[in-house]
Amino acid sequence: MNKRRVSTYSLLLLFSALSTFADAGPALAQHTTYGSLWEVGPGVTTELLLEGTGKSLPVTVTLYSSTGEPLATSTAYVKSQGVTRLSLSSLVAQVGATKEGGLSLAWTGGTTDVRCRVQVNRDDGINASYLPRGGYRADTKNALFAPWYLPDGGSSGQIRLFDSGPSAIGVEVDLVISGVEKKMRALTIQPNATQTVDLRSLLSEASAGGTTAGSVVLRYTGPSHSLQPSMFLSNSGTGFSLIPEFSPVLAAGTAGQTVWQFPSIFTPANASAPPASDASMAATSYALISNGSSHAVTVNFKAYALQGNKTVQGDLNPSSLEPYQTSLVPLAGVSGLAATSAGFGLMVTHSGSAGTLAMSVFSVDRTGRTLATSSGLVVPAASPEVAFWSSSTRPTVHYAVDSPGGVSPSVTLYYQSQFGVDRYTFPQQQANDGGSHLQFTLPAPRSSPKDGQGNVILGGVSSGLLVLSTNPQNAQQIAANQPNCAADCNEEPTATVAAEAPAASQVAFVKPDVADSCECHAQIFYRYVYRGPINTFQNHTFWQLIDYYGYNHVIDAGPSGNCLPHCGNLIAWEYMGHIGYYKEDNSQTAHFLWKGADVDGVRKLFDYYQDWPNVTGLPSIPYDPTNGPNSNTYIHWSAEYAKLNVDKTPPSAPGWDY
């Protein structure tokens, strides 16, 4: 007996969230992104991680020397799914000395068709990883700033300045300490050339060698968006390393509010290496924040995590930053959430427009070694409700959303990938039993249908923030410091769009936390089916499930075709309520066969459905109405997968024992 076995966790989501944001248009054009740092030589290698978002296409990679000469050009063919790795050692012949400089990546297509990460690997374990950019879209003043942090005397900082424009640029390097900006260097950088400025040398010249935190401001003349900087902070003795994000210096006013979202922040148990049993792995997470404006800014932190099976929230006391001040904020004080096994998500709200604040979030162990950095995204406005999801402690999640007439909520999962923050908005489905509940189902990674913005769920997703929104039409991407610059990079900064806050009575999560125990159960029902081609009546079986919160679901199966003459493949459906895909699959009118299961059994039935071929895109199983596999086969196989002791056999049910 050859039975189909499927076994990954199912993620069922029933609730509503913030919609995804408008991406750049898909018009075909030439796009280029730039990186300010690559190194190849004894003890150091660099590789590019490239991914196509929905299509395969060639990408031209050009490496420049530190003085701007092209050293090598190669074409990498980016896959539509999965990551292409390109070692730069294969492009540059090593002659003993370390080679370094800037790089460019060019392709024809949409702005977001290609994503890239540059990974510099050193034998001493101090690696550098960053996302190339096509410029800073909101950089309209030819000025950028970033915070820096040197935890001890052994830490150093290297500021790399790459001119990606067609002509030379002048760069003024300013150091900000205790809110006071000092002009330190005036440089001229030739096209495609890179210059390096030592942060320790700047501190020594400013008589501030003992200062541990501040910011760097880069003001440049020449073509807009041509300066591509990076700042690498490290200590080879402790393993500390950090590349803070640069942000445009904006003419920001005091009005408005900006919300940052960090969907997945490290704790020891949600890291892949080293093992959490290592005593040094007790992690502390920090937010390194810098106020780049001339007015004081109040910063609020709210964390979301799981403790046991319940969502908890925690707040830090608000931080107040004076003009041009930099602060290191420990996140361990967020109600102890940093110690939870699955990590946590963070929402940071501050006064002022996007670009007022530059921020980097990272985690270190007791020895000062950097364990992880967390990617963040500026979002339009605070959502009425946010929840944290983790596959390690909550592999199957059930939510419902109360959605009165006239309100059309949506659900978006935000999660961290190796290319920054990704997002996916789930298709919604009205429950068959009526009412105001909407159903959202989390597809398996990589097999998910594209959402309205063309996004799919990437592989390896383990945690993230689930966000509720009631007016997705008002949500727009805040482009203050996104990885790619639009084709018309001289546009004005995108304005912050505040979505209307719904009234508390309009939309709400229903029982958003998994109970420690429940009345979960599964029942098998059957009904008559008339098979016209052979003029006979037979029975068709289906599941009726009750989930963690007492909500009803029907899982049924059938052919993808009409069996005239071919039936197609065996596919399955899951509907909330008493009625399945077939309206006759109604648990209130069909014949009862069997009842049983518990929390684990019900979860496995959902898992089995979630990993069925028509859901995941795996190879299909042909449907055979006479011998099986057919709908009865699916019910029997899923019962065996869930290890349910179904001790009854439905009458006249072909395919049950296939």
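The values are calculated or read from the model by the stated rules, or taken from the named source; none is laboratory data. Treat the numbers as computed from the prediction; the structure is a model and nothing was measured. All Cβ positions, even for glycine, are placed from backbone atoms using ideal geometry, and neighbour counts span all protein chains on display.
Just a few scattered comments:
- Failed condition for G179, given (1) at pLDDT below 85; (2) out of contact with any strand residue (DSSP E or B) (no Cβ under 6 Å at 6 or more places or on another chain): (1)
- Neighbours by Cβ (under 6 Å, 6+ apart or cross-chain): first from segment 105-132, free of Cβ contacts under 8 Å to residues at least 40 places away in the same chain; second hydroxyl-bearing (S, T, Y): none
- Restricted to segment 377-393, and to residues there that are among the small types (G, A, S) and closer than 30 Å to I546 by Cα, the residue that is modelled with the lowest pLDDT is S392.
- Every condition in (1) surrounded by fewer than 21 Cβ atoms within 10 Å (Cβ to Cβ); (2) within 23 Å of A213 (Cβ to Cβ); (3) at pLDDT 75 or above holds for Q313 except the one numbered (2).
- For segment 345-376, the set of residues classified as assigned to a strand (DSSP E or B) and at pLDDT below 85 consists of S351, L371, A372, listed by residue number.
- Enumeration of residues in segment 202-218 that are touching a Lys or Arg at 6+ places or on another chain (Cβ under 8 Å) and surrounded by 18 or more Cβ atoms within 10 Å (Cβ to Cβ): L202
- Residue match in segment 179-201 (condition: on the phi > 0 side of the Ramachandran plot and free of Cβ contacts under 8 Å to residues at least 60 places away in the same chain): no
- Scan of segment 554-606 for residues that are crowded, with 18+ Cβ neighbours inside 10 Å, touching a helix residue (DSSP H, G or I) at 6+ places or on another chain (Cβ under 8 Å) and assigned to a strand (DSSP E or B), ordered by number: I555, D556, A557, G558, L570, I571, A572, E574
- Count of segment 607-624 residues which are surrounded by fewer than 22 Cβ atoms within 10 Å (Cβ to Cβ) and part of a loop (DSSP other than H, G, I, E, B): 7
- Test: Y634 is closer than 18 Å to Q538 by Cα, part of a helix (DSSP H, G or I) and among the aromatic types (F, W, Y): yes
- Where strands (runs of 3 or more DSSP E) fall entirely within segment 157-264, those with at least 3 residues that are among the β-branched types (V, I, T) are at 169-177, 180-189, 194-198, 213-221.
- When the residues of segment 394-427 are filtered to those that are more than 21 Å from the chain's Cα centre (by Cα) and among the polar types (S, T, N, Q), the one that is modelled with the lowest pLDDT is S403.
- Out of I243, I177, I189, one residue alone is crowded, with 17+ Cβ neighbours inside 10 Å, farther than 24 Å from Y324 by Cα and assigned by TED's automatic domain parsing to the domain that holds D152. It is I189.
- Residue check for L88: aliphatic (A, V, I, L, M), surrounded by fewer than 20 Cβ atoms within 10 Å (Cβ to Cβ) and touching an Asp or Glu at 6+ places or on another chain (Cβ under 9 Å): no
- The one condition in (1) in contact with a helix residue (DSSP H, G or I) (Cβ under 6 Å, 6 or more places away or on another chain); (2) buried (at least 21 other Cβ atoms within 10 Å of the Cβ) that F232 fails to fulfil: (1)
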